[in-house]
1. Which of the three applies to the stretch A:40-177, rounded, prolate or oblate, going by the alpha-carbon gyration tensor with a ≥ b ≥ c and a/c under 1.5 meaning rounded?
2. Highest GNM mean-square fluctuation, chain A, Cα pairs closer than 10 Å: which of A:VAL33, A:VAL20, A:VAL59?
3. Going down the list B:LYS230/B:LYS557; A:LYS213/A:LYS246; A:LYS209/B:LYS535, which pairs span over 30 Å between their C-alpha atoms?
4. At 25 °C and a viscosity of 0.890 mPa s, what translational diffusion coefficient does Stokes-Einstein give for the protein assembly as shown, taking Rh as the Kirkwood radius over Cα pairs? Give it in µm²/s as a whole number.
5. For B:ALA461 and B:ASN171, what is the calculated FRET efficiency with R₀ set at 51 Å and r taken between the beta-carbons, to the nearest 0.05?
6. I need the shape label for the stretch A:165-291. Rule: rounded when a/c is under 1.5, else prolate if a/b > b/c, else oblate, with a, b, c from the alpha carbon gyration tensor.
7. Under a straight-distance cross-link criterion of Cα-Cα below 21 Å, which lysines are reachable from A:LYS300, leaving out those fewer than 8 residues away in the same chain?
8. Can you tell me the FRET efficiency between B:GLN145 and B:GLU216 if r is taken as the Cβ-Cβ distance and R0 is 45 Å, rounded to the nearest 0.05?
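None of the figures in this text is laboratory data; all of them are computed from the coordinates on show. None of these values were measured; they are calculated from a predicted model. Backbone-built Cβ (ideal geometry, glycine too); neighbour counts: all protein chains shown.
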Amino acid sequence: MKNKIGFGSWEATTLLVNLVFANIMLVFPRDMVQLGGSAGWMIPVIITLIAAGYFAITVKLYNNIGSMDLLDISDCIGGRIFKVIIGLLITIFLILTASIYLGAFSQTLKIISLDRSSLEYVEVLFLAGMTAAAYFGVEAIARISAFLVPAVIIGFLLITVGVIPEFRMNNLFPVMGEGALEILKGSGVRLSVFAMFVILFLMVPFFKKQLLKKVGFSYVLLSGILLIWSTLSFILVFPYEMAADKKIPVFQIARHMDFGNYIQRIESISVLISSICALIFLGAVFNFVIYVFAKTLDLKQSKPLILPMAIIVFSLSIISKRVKFDFLGDSITNIIWLLGMVLPLIIIIIGAAKKVGTEGTRRHK
Amino acid sequence: MGLLNSVGRYFIYKEKEKKNNFILKESKKISCEAVKNTASLDLFDKAEAEGALIGCTVGEDILKNKISKDMELNKKVIKTAYDIPKNSDLIFREFNITVKEKTLKAFIVFIDGMTNGVAICNFVLEPLMLLSNIEIKDNTKDVGQFVFERLIPYNQIKKIDNYSEIINNVNFGGCGIFVEGLEYAFAADTKTWEHRGIEAPKSETVIRGPQEAFNEQIRANTALIRKILKDKDLMIQSVSIGERSNTPCAVMYIRDIANDSLVHEVLKRVKSIKVDYIFDSGELEQFLEDSTFMAAPQIFATERPDKVAMMLSKGNVAVILDGSPQVLVMPATVTEFLHTTEDTNVRFPYVNFIRAIRITGVAIALLLPGIYIAITNFHQEMIPTNLLFAIEASRENVPFPSVIEMLIMEFSFELIREAGLRVPGAIGSTIGIVGGLILGQAAVTANVVSPIMIIIVAITALGSFTVPSFSMSFSIRIMRFLYIILGASAGFLGISLGLVINSLLFASSKSFGVPFLTPFAPVTKGKYSDKLTRKPMWKQEERPEYLNVKDVKSQPKVSRGWTVKDSDKEDDE
């Protein structure tokens with residue numbers, strides 16, 4: 001076992017899958033129904049195929065790049081200034097992601113379970129987990145993902161399996177739902193569910209470069225299966241007219257579980273699942289906020305950044321709640337979110353064209 | 001008369017006799033500069049300097065000097081070092097020996113009670129005092145060599161040329177032999193003292209497996225392990241710990257299995273400990289472990305020789321400290337704390353069943369009270385309606401919120417456990433009965449706690465008894481209180497927060513370079529099969545890859561030769 005900081009492909013894959021799974025726990029199945037109607041389940045199929053294609057292209061381009069992350073590539077392409085611009089752009093993107101998800105998870109938890117607690121109290125609890133994760137570092141959060149994320153996913157699958165008796169095949173009709181055009185438009189908008197590709201390309205130095213292909217495709221495949229299954233379960237349980245209005249879809253599915261007199265209302269298990277998922281999501285994203293910011297500005301110490309950054313994320317989350325705007329469900333914000341896929345692609349294309357791999361290696365030596 | 005005196009005491013004042021009240025005075029500062037600042041033996045020769053030695057101990061620098069040919073000087077050094085004759089168990093015996101028709105002065109020094117007096121008489125004093133008078137045909141001219149080869153028929157004897165080492169030997173039950181004219185002394189290993197025999201394990205009992213446990217004797221303990229392993233490559237490196245106590249310590253490993261850097265690190269850590277005295281391996285563990293503040297232990301402590309032997313065979317390193325019946329094994333990962341020795345000895349289906357029970361027990365011990373509090377305070381909808389009514393009815397007259405009720409009960413349980421351990425054996429069982437009565441019937445009748453709470457605490461207690469490791473059980477007990485508070489603060493969100501932070505803490509900690517959560521986080525890909533569950537014995541082909549052992553294979557792919565067809569064997573031949 002190597003002692004340098006790093007982790008294996010399983011840890012990286014589970015960490016990334018959780019970033020997609022957080023969407024499922026919050027809004028994804030409902031959004032699919034809103035966009036595609038009864039054919040909403042087709043959108044994740046298309047999204048998965050696009051994501052797989054996207055990754056196939058980027059990984060091909062990565063052959064000329066070596067084990068560098070996006071910041072190293074930016075440094076090689078346009079020097080320190082370009083690296084700082086890209087670094088700050090990614091930092092802002094990740095800070096916004098962390099603050100919006102912090103608010104979303106807190107509000108969800110408040111609605112379904114902690115209705116007597118204030119929103120700020122719930123946010124502070126999430127913030128505590130997020131900050132602790134940052135203190136322990138990327139390696140620790142990836143390692144716990146290796147066993148907590150599978151447990152969380154198994155919990156989710158049990159919920160969906162538990163509602164199989166409630167499945168109504170009629171809900172899938174009409175087969176094309178809102179129409180092919182709507183499905184395609186929806187697929188374009190909600191491709192943002194894979195926006196965390198940016199983290200995959202920041203993670204490359206943490207694992208062997210040879211594992212990039214394995215990690216990336218496993219990430220797309222597992223996430224795709226979860227996205228499709230969650231949407232399908234949701235549509236099969238609720239007719240799409242009803243489903244489109246349902247907030248917190250997994251919780252709503254869980255409410256339909258009924259096994260005899262004893263297991264009547266098991267939906268609180270979804271609280272446990274979504275809390276663990278949220279804490280790992282926020283911990284991972286926040287870890288990369290600190291990592292990217294420190295690396296962008298070549299800071300030797302990153303720990304002193306944790307508390308100030310946490311306060312920024314917390315403040316932004318409070319502000320985003322006051323704006324009363326659905327950041328996760330809105331089409332425009334989802335398109336903006338695609339930056340997480342577009343930015344790495346642009347950098348990697350330029351990097352591959354300039355063959356920065358060899359140059360970069362020289363610089364680092 | 002007596003009656004008169006007694007009555008008179010009430011009428012006639014009599015001053016009370018003053019008792020001698022002891023006052024603990026501050027220690028007088030004795031100037032030992034003269035002793036401290038010198039490393040020369042001249043100090044003992046100077047008559048005027050002798051006064052300087054009163055009240056001062058002889059420093060290590062002086063004792064590191066070479067032993068002198070001058071018998072008087074040797075006597076002075078030893079007597080001053082041990083403060084003889086004030087020090088009553090030190091035996092200092094002077095006598096004469098005859099070597100080559102020449103009479104030489106000699107003396108022996110040993111500690112009464114730690115040495116075998118008969119052996120000293122029969123194999124040291126008698127040959128030196130009596131046999132030396134017999135003419136022996138030997139051409140050896142060197143006196144020391146003659147004494148060593150001809151006059152001391154003792155099996156374990158060595159020549160030592162400095163005072164420090166001879167004193168260390170005497171302190172550990174040896175007998176120091178000084179002979180006039182020699183620049184060295186002899187140290188005979190005559191140690192013997194009252195000790196406990198090999199008994200059955202007390203805290204790690206098994207039904208199937210050896211019934212031997214370590215005792216306080218380092219040599220007995222090393223022998224127990226060697227007896228099991230019977231491997232010529234088993235190495236036992238001796239180290240002494242304690243500036244004053246020089247407590248013997250043995251570092252054990254199998255040289256062609258254990259990782260060299262691991263062995264080096266263990267030896268480095270053990271040798272680097274600077275402390276006056278060390279009494280137990282528990283103390284040593286705290287000096288060696290990576291993280292002091294982590295709740296979980298990072299070094300495995302066991303009283304079972306078979307467990308140590310098993311771990312050594314996997315590539316771990318063991319440390320045995322004299323005087324301690326617990327042996328430390330490192331590195332230790334989470335799996336070691338959840339396994340017992342019996343797991344290897346019982347059949348494959350049984351072990352996996354028992355491990356499932358044990359892991360459930362651990363989860364219950366850690367989480368059940370917290371989850372109960374979370375459900376009753378935040379997620380009541382999870383409780384089936386009939387049960388909810390029953391809980392509500394039982395809690396109707398209890399004045400405390402459920403979290404306070406739980407904390408009271410858990411605290412009482414910890415109190416009983418601690419009291420049960422501290423009181424003498426005969427009363428121990430009474431404490432259990434009294435505790436059970438107080439916690440059970442009386443507390444419920446008095447409406448201090450609800451019956452359901454008793455059930456929860458009792459199941460939690462049962463769960464905690466399934467934890468095989470004593471240290472791990474402590475860790476779970478501490479963390480349980482945190483989960484109760486978290487469950488009461490934010491329900492399942494609090495429990496999740498606790499689980500994530502706890503996992504982060506474990507994931508980031510290491511035991512001698514091996515992550516604590518290995519082989520689960522990081523996930524290891526080797527064929528080592530004794531993780532959470534265990535594969536059949538014949539499938540356990542490899543040693544744990546996370547120990548980076550020299551020889552990963554522990555058995556061939558086909559370990560059961562009889563499964564191969566005889567015709568195949570013949571073909572191979």
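1. Oblate, since a/c reaches 1.5 and b/c is not below a/b.
2. Highest fluctuation of the listed residues: A:VAL59.
3. Beyond 30 Å between Cα atoms: A:LYS213/A:LYS246; A:LYS209/B:LYS535.
4. 72
5. 0.65
6. oblate
7. Straight-line reach from A:LYS300, under 21 Å: A:LYS4, A:LYS83, A:LYS365.
8. 0.75
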